[in-house]
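The structure appears below as structure tokens.
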Amino acid sequence: MTERELWRRPEAGGPSTLVLETASSVKKVLSCATGPGIGLPTGDSLLVWDPRRGDLRRMGTGGLEPSAWVECPEGRMIAISDGGPGSRSVLARADPSVGHLIPIETPAERGATFQSVDNGAWILLYNPGSRPCRELHAYDVRADRWRSVDNPGISAWEPLR
């Protein structure tokens, strides 16, 4: 990986091959906990490359700055923009029919964090404060809607899986 190029080297050795070259610099490399893809946010796009299949998806960000992304069941993709300190975090779904990230109405929780569960079928939004929160916001990816649920006992310092 250079500033604007992604190269691939075969595991068995041999010469590297150029996978893609971007018009603007890649800001960071984002791995995905729920799939093999690699996210590459650039100035105005999120590129997602799947090294197993070799395909590349390109989505306009509409000003969002993805900090993570989740590959969900049925090929859906959700980008997470953490918004920075003191700002709201938001989700956006990739809409391949228009080639853009579409912001998802997200509950107002400053300082909250997202955690994908059930292999990306649900995304939890919670505040990881010093005390366990009483309520979790759960985004159902398939139904494209938020639900609020009582916290079943998840403590702020326990990893959510």
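Each value in this text was obtained by applying a stated rule to the coordinates, not by laboratory testing. In this text the structure is predicted, and so the values were computed from the model without any measurement.
Among Val149, Val26, Val70, the residue with the largest mean-square fluctuation in a Gaussian network model of the chain, with springs joining Cα atoms closer than 10 Å, is Val149.
For the chain, with a Gaussian network of springs between Cα atoms less than 10 Å apart, report the residue from Arg134, Arg145, Arg53 with the top mean-square fluctuation. Looking only at Arg134, Arg145, Arg53, the largest GNM fluctuation is found for Arg53. Summarising the amide proton neighbourhood of Gly35: residues at separation of 5 or more, or on other chains, whose placed amide H is nearer than 5 Å comprise Glu71.
Only one of (i) 9.9; (ii) 10.7; (iii) 11.8 was calculated from the structure for mean projected area of the Cα convex hull in nm², and its label is (ii).
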